[in-house]
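Here's the structure we're looking at; comments come further down.
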Amino acid sequence: MTATGRDPGLQPERTRLAWRRTTLSATVVALLAVRQALHSGATPGALVAVALSTLAWLGFLLVAHRRVVALGTARPPALAPRGALTAALCTVALAAFAAAMLF
């Protein structure tokens, strides 16, 4: 490996797998939110929380998909600050909406 380059194979693959695991975790959280809302009765507040959770999940899914595709190139670019912020906000939003459904 040169001083200016990086491992073109393993590091992007590990990062791609991490994005996939995180997307799977976000999917499980969103599905558990739907299950909780349906189990406790479909109140208007629960339906709003489910809708917002779904939007947050879709936002995270979009960021993750774009990143996984970008990691498939020979020299993947760094994650843009906007993408990192969007992923973080979607994660926090999923947690907040899940907590809101419990109360």
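The values are calculated or read from the model by the stated rules, or taken from the named source; none is laboratory data. What you see is a predicted model, and the numbers here were worked out from it, not measured in a lab. Cβ atoms come from the backbone with ideal geometry, glycine included; neighbour counts cover every protein chain shown. What goes into the accessible areas is simple: the full protein's heavy atoms, side chains included, and nothing from ligands, DNA or RNA. Shrake-Rupley method; radii C 1.70, N 1.55, O 1.52, S 1.80 Å.
Using a probe of 1.4 angstrom, how much of the accessible area of the chain is carbon and sulfur, in percent? Numbers along the way, then the final one.
Numbers: 4950 of 6870 Å².
Here carbon and sulfur together make up 72 percent of the probe-accessible area.
Of the residues Leu24, Val50, Leu94, the one whose Cα sits farthest towards the positive end of the charge dipole of the chain is Leu24 (charges of +1 on Lys and Arg Cβ, -1 on Asp and Glu Cβ, taken about the Cα centre).
One decimal place: the segment Thr43-Ala95 gains 16.8 nm when fully extended, by the rule 0.36 nm per residue minus the C-alpha distance. Across the chain, the convex hull enclosing all Cα atoms gives 86 Å³ per residue. Helix 10-39 axis versus longest C-alpha principal axis of the chain: approximately 0°, rounded to the nearest ten. For a modelled paramagnetic label at Thr15, 7 Å from Cα along Cα-to-Cβ, the residues of segment 53-82 in reach, with backbone nitrogen under 16 Å, are 63-82.
What accessible area per residue, rounded to a whole number of Å², is obtained for the chain using a probe radius of 1.4 Å?
Numbers: 6870 Å² over 103 residues.
In whole numbers, the chain has 67 Å² accessible per residue.
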